[in-house]
Every structure is written in structure tokens, then in C-alpha cells.
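None of the figures in this text is laboratory data; all of them are computed from the coordinates on show. It should be emphasised that the depicted structure is a prediction, and the values quoted were computed from it without experimental measurement. With ideal geometry, Cβ positions are generated from the backbone for all residues, glycine too; neighbour counts draw on all protein chains shown.
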Amino acid sequence: MTIKTVGVIGCGLMGSGITQVSAQAGFPTVVVEANQELLDKGLGNLGRTLDGLVAKAKLEAKEKGAILGRITGTTRLEDLKACELVVEAITENQELKNETFAKLDQLCPPHAILASNTSSCNVTAMAAATKRPAQVLGLHFFNPVPLMKLVEVVRTILTDDATVKTASGWVQAIGKVPVAAKDATGFIVNRLLVPYLLEAIRVYEAGLASLEDIDQAMKLGCGYPMGPFTLLDLVGLDTTLYVAEVMFEEFREPRFAPPPLLKRMVAAGYLGRKSGRGFYTHASS
């Protein structure tokens, strides 16, 4: 099957990014939000991102117009009925995602592929909520979507070969690199990254070294672009805590258990860059 029209559910940080790269690659893209206010906010952020590319001479003004012309914003899920591929990028809530996939199954054409951008929810459960489980998979993008090249193509025990092949081909068509993963909590990247971040917090909790020295050690000793605490503040401490709790619930292994300090910082509202304070203090934007 050839993907001609793409649908995206959610126009937040991830959804707007997926919408942008899809439209930028030439695909007519329909993006759905829960209400007009959220839709306007997401499309506004997308437009400003494109304006920034034009200002840096990385995109011509006429191409910006063409990209925006390929995007249709709506608050009606029914407007996805002509899409061959729909990527869900809503909040990380298993029940809500299952309900959304059941609705998509009723609305979308029989040949359409349904994908989730989830980083921690059970893709198999979403597939089981439909009558087309062989055509459901995960497409896990990374933030910021326009810059990050990786997409984890997540196959459940129900997904068929044709769906994986078609979805991987679309990922390549939008300029990303697909890697294959099975539907196990955390997939590849978070399965490896989250224990590393949690252990960095434990090292700091134990008084082994300062935040700055731990960050420097991992940057200069391992060649990482940023240290664990800079990354934690960027990702969001609340997001890290949520993913860690999901992974610990799944595997019951100590390496996935959130350290006490992380729990208390989130309870105190120290969430990282988005709150102005995490492990570091950040100037308000």
C-alpha cells in the first residue's frame, strides 16, 4: 500500500512536529485536536518553527507556504476518514488511547494503518481494541521531531509484515531513520536511557559528586552531547518519573525504580526547564 494522506491526532509538542515533517515531505496531512484553542496553539507553534527556518535561510518562504497548504487542522476525528496512515500523539493514558483506536477503526478505511507515538503505553492493547490488529503498530518519534532522525517502529505480536514495511517506508520518506523494536515497555531507547538517568540521580543522592561534575564526566568521558541532569531538565522530571513508574510496574526490577529525590522534586513542582527549576535553575523564557 502507498501512503498518500496522513492523519495526526494531537497538535501538541510531538503532534505538531509529526505534522510538520509529514507535510514538509510532501504528504497532505490532517491534524486533529480536542478543541479549537489547542489546535490554534499547536498550528501557531508550527508556523513559528517554519518562520525560524526561513529566517535562518534553511527554508524558502514559498516552500513554507506550500507546507502550510498541505496541512488541514480540524477538531473532528471524522476528518481522518480518507487517511491511509493515522499517527496518534495524545496524552500517555492507556484507556484513552484504546478508546481512540477503537474510534479510528470505525472511521478509517479498511486498508488504513493506525500507529501510536506512545513512549510507554501498551501498543498491543491498542491493537486489540480494533478489528484490524494486524494494521496497528507504534511509531515512536523523538523530541524535537523536526531535528531528531530516529523513529522506533514498534511491532506487536499481532502486526503483520506488510504494515511494518509500509510504515517503515513512510518513515524513510519523511527523512527519518526507522529502527525495529518489539512491543515491550520502553522499547529500545527508554529501556536503556531511563536506568542511566535514574542511576545518575542515585549517584548524586549518595553524595558521590556534584551535578556539574557528573554532567561533565558523562560529556567528556563518554562523548555524550549533554550530561544526565541537563537531559533530565530538558525531558522533564515529571515525564521521567512517569515513564520510570510504568517500567517498574512492568518489570519489577530495581534499576527502573524511581529514586526518592526524583519523587520529591516532582512533588515540589521542580519539573525542569518547563517550570523554570529542576536540578538546575533556568531563566524564564
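Relative to the longest principal Cα axis of the chain, at what angle does helix 211-222 sit, 0 to 90 degrees, rounded to 10?
Compared with the principal axis, the helix lies near 70 degrees.
Rounded to the nearest 0.05, what FRET efficiency do residue 79 and residue 192 give with R0 = 25 Å and r taken as the Cβ-Cβ distance? Could you check? Don't skip to the end; give the middle numbers.
Working: r = 38 Å, r/R0 = 1.52.
Rounded to the nearest 0.05, the efficiency is 0.05.
For the chain, with a Gaussian network of springs between Cα atoms less than 10 Å apart, report the residue from 187, 251, 229 with the top mean-square fluctuation.
With Cα springs under 10 Å in the chain, the top fluctuation among 187, 251, 229 is at 251.
Determine which lysines satisfy two conditions relative to residue 41: a Cα distance under 19 Å, and not lying fewer than 8 residues away in the same chain.
64, 274
Hey, what angle do you get for helix 161-173 against the long axis of the chain, alpha-carbon based, 0 to 90 degrees rounded to 10?
80
Do you know the relative contact order of the chain, to the nearest whole percent, from alpha carbon pairs under 8 angstrom that are 6+ apart? Each step should come with its number before you reach the end.
Values: 497 pairs, mean separation 37.4, N = 285.
Rounded, it is 13 percent for the chain.
Connecting C-alpha atoms closer than 10 Å in a GNM of the chain, tell me which of 59, 77, 198 has the biggest fluctuation.
59
Using mean Cβ contacts within 10 Å as the protection proxy, how do 175-181, 133-139 order, highest first? Kindly include the intermediate steps, with their values, before the conclusion.
Working: 175-181: 15.0, 133-139: 24.6.
Averaged packing, sorted descending, gives the order 133-139, 175-181.
Taking neighbour counts of Cβ atoms within 10 Å as a proxy for exposure, in what order, fewest first, do 214, 9 appear?
Working: 214 19, 9 26.
With the fewest neighbours first, 214, 9 line up as 214, 9.
Which of 1, 14 comes first, and how do the rest follow, when ranked by fewest Cβ neighbours within 10 Å?
Details: 1 14, 14 21.
Sorted ascending by nearby Cβ count, the order is 1, 14.
For Cα extents along the principal axes in Å, one of (1) 52, 46, 38; (2) 71, 52, 35; (3) 57, 46, 33 was computed from the structure I shared and the rest are decoys. Which label?
(3)
Give me 152, 78, 88 sorted ascending by neighbouring Cβ count inside 10 Å, so fewest comes first.
Numbers: 152 20, 78 10, 88 25.
Starting with the residue having the fewest Cβ neighbours, the order is 78, 152, 88.
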